[in-house]
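For reference, the structure is listed below as structure tokens.
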């Protein structure tokens, strides 16, 4: 019997998309890319973002609708939670809602969006094209009250709830070693840290780094009873390396399912810290597994904001104060080019609606100029032109009015892409 690909199924799939709207892996694997017939596009993630964000804006009530109405609340929740990537707690505070009430309201907002997309894109007919290829696994109708969050949803929740902070790596490692002391004693394993002094600090989600280290080192301890585990830190260019190197024979192979799951989860946690994980085989003892955590060293990332509105520039400067991002503002193209030469920005935020110049033309010049062709440009506009912005070479798009969380999320996404680029 074929699964029924109905509105309830679509709503559940949309919930996963909304929680991972900027995660290409999740969107690429979603059946909704086929349902919307965008799976063959050059960039399905951008296409899906356009569909979702455009639908959210279509639900914006008319200006004469009372602002305390249900329609405005639905639109506000969808725009803030998904278009601007605000946390559930932030939106609940803005609306004066408790946690449970916010969850109910957000559930209603998702259902409203799902119904709009289902009707507007005539999805009921499209489901027939590929329903025979679907399996029942994971697609049984489940009520929202019994929804079990996917791993992607749980990781997204961590990304929202755990703040980025300036972190002392050696202090985190010392805490991890202290926590694992009883475990290492029980398995008669000696932990041998070699921590390089004066490591640069790192901007990351410290609890997630700590958990990744706890998982990796704990698993390694259990794999080398009576052996040794070395933990070394080193600076390599603009990166910090943390090497977990066991010394004993009989280590569980990297292909072990249990070991692989630990490594996979640690890798996902490190990605939320803008880091990565490498797994290598040691030379001294056959079968010994070494893991290397790679983290970007903290440095102030220069962000050039080009906007003719002085209030907007002042707002963005306030948003970036105390973060890893250094604000540099320009009110027009001439000032922007002067600052490009002087400050060498790593990211550019560009308003395309400027009265005395064409921001789209400036975007084209930035993409073509040798000095800025490699610099990601985030278009920031009141216009719902995300698709156009990306077609013209923008790396990302954020819609005005911009909240702090949305701006920082957009900047963080570019850092992730920059750190993972070859």
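Can you tell me which residues in region 84-120 are in contact with a helix residue (DSSP H, G or I) (Cβ under 8 Å, 6 or more places away or on another chain) and not in a helix (DSSP H, G or I)?
84, 85, 86, 87, 97, 98
Got at least one residue in region 193-207 being surrounded by fewer than 18 Cβ atoms within 10 Å (Cβ to Cβ) and touching a residue at least 60 places away in the same chain (Cβ under 8 Å)?
yes
For a quick check of your reading: which strands (runs of 3 or more DSSP E) sit entirely within region 252-354 and have at least 2 residues that are modelled with pLDDT of 80 or more, more than 30 Å from residue 371 (Cβ to Cβ) and not assigned by TED's automatic domain parsing to the domain that holds residue 395?
276-281, 289-296
Any residue at all in region 214-225 that is over 16 Å from residue 265 (Cα atoms), in contact (Cβ under 8 Å) with a residue 40 or more places away in the chain, in the same structural domain as residue 173 (by TED's automatic domain parsing) and in contact with a helix residue (DSSP H, G or I) (Cβ under 8 Å, 6 or more places away or on another chain)?
yes
Mind counting the residues in region 117-135 that are at pLDDT 85 or above and surrounded by 15 or more Cβ atoms within 10 Å (Cβ to Cβ)?
Qualifying residue count, region 117-135: 4.
The values are calculated or read from the model by the stated rules, or taken from the named source; none is laboratory data. This one's a predicted model, so the numbers in the text were calculated from it and none came from an experiment. Note that we place each Cβ from the backbone using ideal geometry, even for glycine, and neighbour counts take in every protein chain shown.
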